[in-house]
Amino acid sequence: MGKKLLEVRDLKTHLFTRRGVIKAVDGVSFSVDKNETLGLVGESGCGKTITCLSILKLLPNPVGQIVGGKIIFDNVDLLSKSEKEMRKIRGRRISMILQDPMTSLDPLFTIGEQIAEPIRSHQNLERTNLRKKIIEMLKLVKISAPEARIKEYPFQMSGGMRQRIVGAIALSCQPDLLIADEPTTALDVTIQAQFMRLLKEIQQEFNMAMIMITHDFGIVAKVCDRVAVMYSGKIVESAGVRDLFNHPLHPYTKALMGALPKMEEDMEKLTTIDGQPPDLGHLPPGCNFAARCPEVKEICRCDSPILSEINDGHVVSCLRVQ
Amino acid sequence: MQRYILKRIFLAFVTIYLVTTLVFFLARITGDPMDLIMSAESTQKDWDMMRHQLGLDKPIYLQYTDFIAGVFIGNFGNSLRWDKPCLSLILVHLPATLQLTICALLFSWVFGISIGTLSAMRPNGLMDRFGKIFAMLGQSMPIFWVGILLILTFAVRWQIFPTSGRGGLLNLVLPSITLGWYTMASMTRMTRSSMLDVLDMEFIKMTRIKGLSEVLVICKHAFKNAMIPILTLGSLQVGILLGGSVITETIFSWPGMGRLMVQSVFSRDFPLIQACVIITSTIFITINLLVDITYGYIDPRIRYQ
Amino acid sequence: MVFNSITQMRRMPIFSVLFLVIFLICGIFGSSLAPLDPTDGDLSRSLIPPFQDRNYPLGTDHLGRDILSRIICGARISMIVCIMVIFFAGSIGTVLALLSGYIGGKVDIIIMRIVDTMLSIPYMMIAIALAAILRPSLFNIIILLSILGWTGYARVIRGEVLRIKDSDFVKLAKIDGCSKTRILIHHIFPNIVNTLVILATLQVGAVIIIESSLSFLGLGVPPPAPSWGGMLADSRSYISNWWLSTFPGLTIMATVLSCNLLGEWLRLQMDPQFRQK
Amino acid sequence: MSGIILEVKNLKKYFPVLKGLVFMKQIGLIKAVDDISFTINRGETFGLVGESGCGKTTTAKLILLMEKITCGEIVFDGKKIDQQSDVDLIEYKNSVKAVFQDPYSSLSPRMRVGGIIAEPMVVSKTFSHKEIRERVSTLLDLVGLHPDSNNLYPHEFSGGQRQRIAVARALALNPKLIILDEPVSALDISIRAQIINLLRDLQNKLGVTYLLIAHDLAVVKHMSKKIGVMYLGKLVEVAESKRLYRNPLHPYTQALLSAALPSHPDIRQEEIILSGEVPSPLNPPLGCRFHTRCFNAEAVCSEEEPILKEVEENHQVACHLIKI
């Protein structure tokens, strides 16, 4: 195992809305090593995006607040950094790709200008070098005829191309950590494969660590080294990718895997998880998954499980397994 | 882009033509315009003479074509009260109104946009609360009351500014604030809400992820994107200001077109009323046209259409 | 109107609602509530400042009429104008918007061109010109403001209709063989009611301001009937007697403010964007 | 029961592209659906896959008669659908229903659930009030919702439950064919499985036929007996789903399958990454529409348009390079 690049310890991020406090991230811990890809899996609203926005300290202001925990990046706690210091980290050391390529580019500026912005604010480059760098970035993400593309606007491009431009922006300063928030859900199947391949290649070239947020175990199987499964603001299971696929321990992980139709085998019925995810504003006592768990026991409804290591590097938060 | 501009200019001409037609028919649909012009004690002979003089004895379609043709070459007929061409009367009064309107517009834009932007940067913060109350109050005060209140405090009580008339810069202050008051309030609200909308978008999150400074995020990206709805409102506000100038000019005895219009209403100066409405509408439509063209320069999606 | 739960009622602007109720009561029972006859003048007691004579708590005007009574009775004109204008303008605007948005094609082009033309004439200008043509009377003011007011409804509701027409539930209704009338009545209309209510509430303020502006210019409801705008117009010659302008002005502001606050609250409650998420 | 329930023959849909300042003039045609033919067997599921803009949704709209057909015909239950005859049309419309992708937009927010489900019955005018009420509670039970849901408004339900309501509505008149246009792609994984299972159970119980339109290959493969692959308005390959998965013949199908995500990290299939993107359906490439991105295109591919032909039993491909 390599050196730890990012370590999140007991992170708590709450959303203070008019209807009350929502515990969007409730005691999440995980770490990412250099060069490693961590998959953060969960359904919508489980807190995976909020976790990553917390790392960048870009929570919706003033609704989202980090109320506890530590985020240690390269041996420094990011929570102790000022906004000005954070700005030097964003885009340069940690960067992020958002889900929807159609809305993540400013429609009123040329793509050249949008790629230039992070370079300009983090590096001192003169004009000709800046232009060279932009073209280099466009080539890196395999955009054809980059010299001409510089002057074009986002609306002149297809979704797949836009997402590659977003990639070029995020990667323009060679960050140490890239957070990709469901970068391919809005793309078509073949374009999705193109983009994933591209990300993998660039990751190897740059020696970059990556957090891949997704709801799809297929993507995890394809690109991740380790996985953390999130459910209602907590990590319920985390393991190496093979370990997790071969021996899923948490009932939620098992159910989620069974719920996916598979190409390779014929299944009569998919496993389903009954009911709905709980309302994060009013969590019942006990395990958050208890109400939907097929293997629920009496104790699950009153005691909260804690994450504990079962095998080497395989942690799970379930009272039954422990 | 050229096609877009041509299309806009064409549409503007169509609208001006339709406005002219609308004015013509509105004036006649409710009855004989002669009723308005003539007083009760005039004789039948006076009626016939007047009718002939104004061309109202011709069939309606001829009246219409004459009217349109007249408007086209800038001939709105003669004012009944002053017995001069309407157009030259209006041209004499127009500069005063334009001066007032432009000052009011500047006043409302400068304050409205800055208060609105500051409010949007910290929703529910101190500035936002102040901005909200301010906008709500502003939109609820009829401008004639604002004018009277301003005169009462600044002209009568403290005597800082003159009560009425056109003259130096001091004369301009109270009327501009009065006229711009309402539009400033709506501009504040509009800026706030469209800024909030834009700040909520994904590409703004992306600019922050890039590590850009807050000044760049707000002034470069958010502001340019929020400009489009703000400009739309701004061009609509010119209409409100042109209309509001009638009241403001009455309160402050400002020698502009608005007062001319009120005078012509009371003296039943029928051709002059028509001319006033058409000219102000044309100014309004022209400004909307300019704003439409500006969109093209801001938004590449329109430019490359 | 459907309120999902009590929590949504919580932030209801109580003071606005209370004030509007008082406004309605004054509008309906004005003449019997007013302590004195609003038109009864007596020059011997003209221009009494407020809070000095117990009989005239808000003072008297230049003709010696009681300001409080005039304000109470003035509510009637504003109320009648508001209700009638909202009714007429709202119905015309909604019907035309439904036609325009749902039928589309030439009907849409014609209606929207008329709306654009109306909106190209500055509001106050066309109001004054119409007022001059129609001659001032309560009835004519209502006609005039209705002619002007429908365009706002038409524009906004047409947009809504287009949006709803494009939604999947209307497509499904078509697949199920619903007739055009059924879709209009059962699917489109119920979904624009919210917008209609919000627009109407927000229009109250605009109508009161325009009506009083016209009265102020002497083009509104003719004297001696008390109207708020007219009272302000009278006050101009007696500008140093501050109470003549302050009280009617405050009344107009409070009424308009209440309506705007209520409208704003309704918008927050009913806006589908706010609710669906 | 067996036999063909729906046959689509040479279906075409062209959208004119208009441009002009005042007078519109036609400057081109978007060939959204260009000459496709397929058959669906009674009680089976036919899956239509392809990427966005390939014309699969337009095909659904044509079958639902939401768009005018430019050319071609639809034969349903042995009868040719004539858009002129009202009686036939009503019968056809009653036997073909649809479920759409977005569970939020497909239920009117101002109607109660009971009213939504009952609407097709109310419109058809062949049911009494009592029958309708009974049928609504049967349907609610069938899709696994509580009978009290009847009186609630859609916003009180989650996405998955809303999709159940949409399915109940589609089933109201006992249709023979239901068109499922991306029925699960807007839902979360755990909910997705619920709806997929529900749809399969209903098919087993009621014998209804599905035309499933989706971009997710695994879902289509799991649900369908036969699959058609579309590319840029054309059907490029039609086969039984197992056969298609085991032996894809058309290069586009091969690329599509290889791009599908594995269900286990140890599965490492050969990756075919297509270069470029789907060309615009306005001015599609001449010859085979796929030749611009095809990895083994030959000269003939850019000249001649391949036709869909049967290469083995129940397996049709449109490719020059597949010799029988």
Requested in this report: Taking 50 Å² as the minimum loss, tell me which residues in region D:259-295 lose that much accessible area going from the chain by itself to the full protein complex (1.4 Å probe).
Outcome: D:A259, D:L261, D:P262, D:S263, D:H264, D:P265, D:E271, D:I273, D:E277
Report task. Per DSSP H run of n ≥ 4, the term is -39500 (n - 2.57); total these for chain B, divide by its residue number, and report the mean residue ellipticity at 222 nm rounded to 500 deg cm²/dmol. Result -> -25000 deg cm²/dmol
**Report entry** Degrees between helix C:105-120 axis and first principal axis of chain C (Cα, 0 to 90, nearest 10)
**Finding:** 20
Query raised in the report: In region D:234-318, which GluC sites (Glu not before Pro) are in a loop and have at most 14 other Cβ atoms within 10 Å, using DSSP for the loop call?
Result: D:E270, D:E271, D:E298, D:E303, D:E304, D:E313
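Rounded to the nearest 100 Å², what is the sum over both chains of accessible area buried where A meets B, with a probe of 1.4 Å?
Answer for the A-B pair: about 2500 Å² buried.
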Report summary line: With all protein chains present, region B:86-304 has a carbon and sulfur share of its accessible area (1.4 Å probe) in percent of 70
Requested in this report: Would you mind counting up the charge near D:R289? Only other residues with Cβ under 11 Å from its Cβ, with Lys and Arg at +1 and Asp and Glu at -1.
Outcome: +1
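Give the accessible surface of region A:1-111 per residue, rounded to a whole number of Å², with probe radius 1.4 Å and ligands, DNA and RNA excluded.
41
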Report summary line: For chain C, whose charge dipole is built from +1 on Lys and Arg Cβ atoms and -1 on Asp and Glu Cβ atoms, the candidate among C:L202, C:F87, C:G159 with its Cα farthest towards the positive end is C:G159
Requested in this report: Quick one: check the C-alpha center-to-center distance for region A:50-96 versus region C:25-103, whole angstrom.
Outcome: 59
**Report entry** Loss of accessible area when A meets D, both sides summed, Å² nearest 100, probe 1.4 Å
**Finding:** 4100
Query raised in the report: What does the accessible area of A:D266 come to, in Å² to the nearest 10, when a probe of 1.4 Å is used?
Result: 100
Query - DSSP H segments from chain D that extend 15 Å or more along their own axis, Cα-based, with Kyte-Doolittle mean of 1.0 or above - result: D:113-124
Report task. Report the residue, chosen from A:G275, A:G91, A:G42, that carries the largest GNM mean-square fluctuation when chain A is represented by alpha-carbon nodes joined by springs under 10 Å. Result -> A:G275
**Report entry** Average accessible area per residue (Å²) across region B:187-305 - probe 1.4 Å, nucleic acids and ligands excluded
**Finding:** 31
Query raised in the report: How many nm separate the modelled label positions at A:V67 and A:E298, each set 7 Å beyond the Cα in the direction of the Cβ?
Result: 3.2
**Report entry** Fraction of accessible area attributable to carbon and sulfur, region C:2-275 (%, probe 1.4 Å)
**Finding:** 68
Query - Cα-based helix-to-principal-axis angle, B:126-140 vs chain B, degrees rounded to 10 - result: 10
Report summary line: GNM of chain D, Cα pairs under 10 angstrom: of D:A172, D:A193, D:A239, the biggest fluctuation goes to D:A193
Query - Buried accessible area, chains B and C (both chains, 1.4 Å probe, Å² to nearest 100) - result: 3900
Query - With all protein chains modelled, accessible area of A:R120 [1.4 Å, Å²] - result: 120
Report task. Could you tell me which of the pairs A:K34/A:K234; B:K7/D:K19; A:K88/B:K205; A:K269/D:K226 are separated by over 20 angstrom between their Cα atoms in the structure shown? Result -> A:K34/A:K234
Query raised in the report: Relative to the longest principal Cα axis of chain C, at what angle does helix C:189-217 sit, 0 to 90 degrees, rounded to 10?
Result: 30
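Trypsin sites (Lys or Arg not before Pro) within region D:63-97: which are DSSP loop residues with at most 14 other Cβ atoms inside 10 Å?
Sparse-neighbourhood loop trypsin sites (Lys or Arg not before Pro): D:K68.
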Requested in this report: Measure off, as a whole percent, the carbon and sulfur share of the 1.4 Å-probe accessible area of chain A, all protein chains present.
Outcome: 49
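Which pairs, out of C:K165/D:K234; C:K171/D:K13; A:K151/D:K31, put more than 28 Å between their alpha-carbon atoms?
Beyond 28 Å between Cα atoms: C:K165/D:K234; A:K151/D:K31.
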Query - Percent of beta bridges antiparallel (DSSP, chain D, rounded to nearest 5) - result: 65
Query raised in the report: So, in Å, what gap is there between the alpha-carbon centers of region D:25-42 and region B:229-251?
Result: 53
Query raised in the report: Which entries of D:K61/D:K176; A:K48/D:K221; A:K3/A:K133; D:K61/D:K205 show an alpha-carbon separation above 22 angstrom in the structure shown?
Result: A:K48/D:K221; A:K3/A:K133; D:K61/D:K205
Query - Cβ-Cβ FRET estimate between B:F266 and D:L152, R0 fixed at 56 Å, reported to 0.05 - result: 0.35
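Just the number, please: percent antiparallel of the DSSP beta bridges in region D:121-244, rounded to the nearest 5. It would help to have the intermediate numbers written out before the result.
Values: 6 of 11 bridges.
Counting DSSP beta bridges with both partners in region D:121-244, the antiparallel share is about 55 percent.
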Report summary line: Of D:L217, D:L261, D:L187, the most mobile residue in a GNM of chain D (C-alpha springs, cutoff 10 Å) is D:L261
Query raised in the report: Lys/Arg Cβ at +1, Asp/Glu Cβ at -1, dipole of the protein assembly as shown taken about the Cα centre: which of C:L268, A:C293, A:V63 is farthest positive-ward?
Result: A:V63
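The values are calculated or read from the model by the stated rules, or taken from the named source; none is laboratory data. Here the structure is a predicted model, which is why all the values come from computation and not from measurement. Neighbour counts run over all protein chains shown; Cβ positions are idealised from the backbone, glycine included. Keep in mind that these areas ignore ligands, DNA and RNA; they rest on the heavy atoms of the full protein, side chains included. Shrake-Rupley method; radii C 1.70, N 1.55, O 1.52, S 1.80 Å.
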